[in-house]
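Working notes for the structure below.
The values are calculated or read from the model by the stated rules, or taken from the named source; none is laboratory data. Bear in mind that the values here come from a model prediction, so they are computed numbers and not experimental data. Glycine gets a Cβ as well: all are built from the backbone with ideal geometry, and neighbour counts include every protein chain shown. To get the accessible areas, we keep the full protein, side chains included, count just its heavy atoms, and leave off ligands, DNA and RNA. Shrake-Rupley method; radii C 1.70, N 1.55, O 1.52, S 1.80 Å.
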Amino acid sequence: MSVHTQQPSVSADNPVQRKAHTVASLLRKKDQGQKIVSLTCYDYSTARILDQAGVDLLLVGDSLAMTVLGHPNTLSVTVDEMLHHVKAVVKGTRHAMVLADMPFMSYQADPVEAVKNAGRFIQEGGAQAVKLEGASERVIQVVRHLVEIGIPVVGHLGFTPQMVNTLGGFKIQGKNLEDVKKLVDGALRLQEAGAFALVLEMVPVEVADLITRKLRIPTIGIGAGNVCDGQILVVDDLLGRYSELTPRFVRQYMNSGALIGEAVQRYAADIQTLAFPDNDTESFAFPVAALPALAQWAAEL
Ligand code: KIV
């Protein structure tokens, strides 16, 4: 895969001066025609870098089941495992909104459990909002309840990874009029229930455009063209350190997998040749004045 390298407009060395994002500030971006920049994030040090680089929204996505935990899909990650990562990302974030993904079975089976689990992401995790997949009656009911009690919600339609077994694999959605009607209806019902943004994953550009123009709330696309109000990518894909799955919509901005591999090989070589660590600059010396005593004691050992 080719690596896309263009000059960044902001960098970790030159942090953008700005306030912390809120639901209102993200909604304002759509009204002002400014795109929302989002990435997934799963740990403290990456959160610091992404936040300082100017990312608006950090999603602690259940994709961490694959990229961090090595599972073949997102289905097996639990609320407790997700919380562990949400807490770390929140600690590293000052400006971006931190959005916690509700994992499979944390909101589908029981509306009361759904509200409790969402509450944990806010209360224990420190996230500002949660994301749920789908627009079934049950999900809409949960969204309405969460919004009523003060938990901001982001919806997720199109390819919804938690339905991978029903959808028959990682497949583009909304390819016929019947499916488009369902997507538009679901998007409008999520908005009506109080969702403040909607992730659109793997839908044709025309469908993403239609939904984006129909909604007051921003759409955030992944594999849905540049017509959405914002974009999101899995950070490991953008950085080139997850190679198990390389969908067409991923743009790799660096090949950090190769860079890390090279750095580790140099480290290994330096250890063998005694080039690392340098005893003068990377180690600690015994106090010179006490060296004779040390030498004498060692000789008598
Ligand atoms: O979990 C995730 O990474 C996501 C994005 C693909 C939107 O839901």
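Here are some notes:
- Of everything in the range 198-219 that is β-branched (Val, Ile, Thr) and in contact with a Cys (Cβ under 6 Å, 6 or more places away or on another chain), the residue that is farthest from the ligand (Cβ to nearest atom) is THR212.
- Every listed requirement among (1) over 18 Å from GLU133 (Cβ atoms); (2) without any contact (Cβ under 8 Å) to a residue 60 or more places away in the chain; (3) acidic (Asp, Glu) is met by GLU113 save one, (1).
- Filter result (within 14 Å of the ligand (Cβ to nearest atom), in a loop (DSSP other than H, G, I, E, B) and open to solvent by 40 Å² or more (accessible area, probe 1.4 Å)) within the range 76-88: SER76
- Residue match in the range 280-296 (condition: within 14 Å of the ligand (Cβ to nearest atom), not hydroxyl-bearing (Ser, Thr, Tyr) and not in a helix (DSSP H, G or I)): no
- One residue stands out in the range 250-275 among those that are more than 28 Å from GLY240 (Cα to Cα) and in a loop (DSSP other than H, G, I, E, B): the one that is least open to solvent (accessible area, probe 1.4 Å), namely ALA275.
- Hey, VAL143 within 15 Å of the ligand (Cβ to nearest atom), in contact with a strand residue (DSSP E or B) (Cβ under 7 Å, 6 or more places away or on another chain) and among the β-branched types (Val, Ile, Thr) or not: no
- Taking the criterion of being in contact (Cβ under 8 Å) with a residue 12 or more places away in the chain and open to solvent by 10 Å² or more (accessible area, probe 1.4 Å), the residues of the range 166-178 that qualify are PHE170, LYS171, ILE172, GLN173, LYS175.
- Scan of the range 89-109 for residues that are assigned to a helix (DSSP H, G or I) and either open to solvent by 30 Å² or more (accessible area, probe 1.4 Å) or not assigned by TED's automatic domain parsing to the domain that holds VAL142 (or both), ordered by number: VAL90, LYS91
- Failed condition for GLY134, given (1) within 26 Å of GLY221 (Cβ to Cβ); (2) out of contact with any helix residue (DSSP H, G or I) (no Cβ under 8 Å at 6 or more places or on another chain): (2)
- Yes/no for GLY126 being assigned by TED's automatic domain parsing to the domain that holds VAL115, surrounded by fewer than 21 Cβ atoms within 10 Å (Cβ to Cβ) and within 16 Å of the ligand (Cβ to nearest atom): no
- Test: residue in the range 27-36 that is under 13 Å from the mean Cα position of the chain (by Cα) and of a type in the set (A, V, I, L, M, F, W, C): no
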